[in-house]
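Worksheet for the structure shown next.
The values are calculated or read from the model by the stated rules, or taken from the named source; none is laboratory data. Given the structure is predicted, the values throughout are model-derived calculations rather than measurements. Cβ placement follows ideal geometry from the backbone for every residue including glycine, while neighbour counts extend to all protein chains displayed. Side chains included, ligands, DNA and RNA excluded: accessible areas come from the protein's heavy atoms. Shrake-Rupley method; radii C 1.70, N 1.55, O 1.52, S 1.80 Å.
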Amino acid sequence: MSQKQNLLTLTLDGESLCVPEGSSVAAALSLSGRDSCRISVNGQPRTPFCGMGICQECRVTVNGVRRLACQTLCQPGMHIERTENE
């Protein structure tokens with residue numbers, strides 16, 4: 001028997017996105033269809049790499065504060081913004 005999965009709604013780069021409850025921000029980025037977090041100073045897209053906060057490639061802004069996407073759980077109403085040119 002399958003259980004119904006609870007979803008929550010957040011905003012990613014100004015667009016509404018529904019993700020499963022308990023998802024990390026890195027997972028939400030992937031579910032959005034574009035898993036990049038930021039653009040490097042060389043113009044290359046950067047994505048979550050290590051999944052444990054060591055590489056810091058997954059830096060995003062969450063509710064106005066810089067966070068690591070792999071270490072941040074999604075919350076209802078959260079506002080996530082990818083970072084350009086960093």
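Pull out all pairs, ordered by first then second residue, where Cβ-Cβ is under 9 Å, the residues are six or more apart or on different chains, the first lies in the range 38-57 and is part of a strand (DSSP E or B) and surrounded by 12 or more Cβ atoms within 10 Å (Cβ to Cβ), and the second is small (Gly, Ala, Ser) and modelled with pLDDT under 85.
So the pair list comes out as Arg46/Ser40.
Among the residues of the range 59-73, is there at least one that is of a type in the set (S, T, N, Q) and in contact with a Cys (Cβ under 7 Å, 6 or more places away or on another chain)?
no
Could you check the range 63-81 and list, in sequence order, the residues that are open to solvent by 70 Å² or more (accessible area, probe 1.4 Å), closer than 18 Å to Leu7 by Cα and assigned to a strand (DSSP E or B)?
Leu73, His79
Which residue is nearest to the chain's Cα centre (by Cα), if the candidates are limited to the range 22-37 and must be in contact (Cβ under 8 Å) with a residue 24 or more places away in the chain and assigned to a loop (DSSP other than H, G, I, E, B)?
Out of the qualifying residues, it is Cys37.
Under 6 Å by Cβ, and 6 or more places apart or on different chains, what pairs join a residue from the range 58-86 that is at positive phi with one that is at pLDDT 95 or above and assigned to a strand (DSSP E or B)?
Asn63/His79
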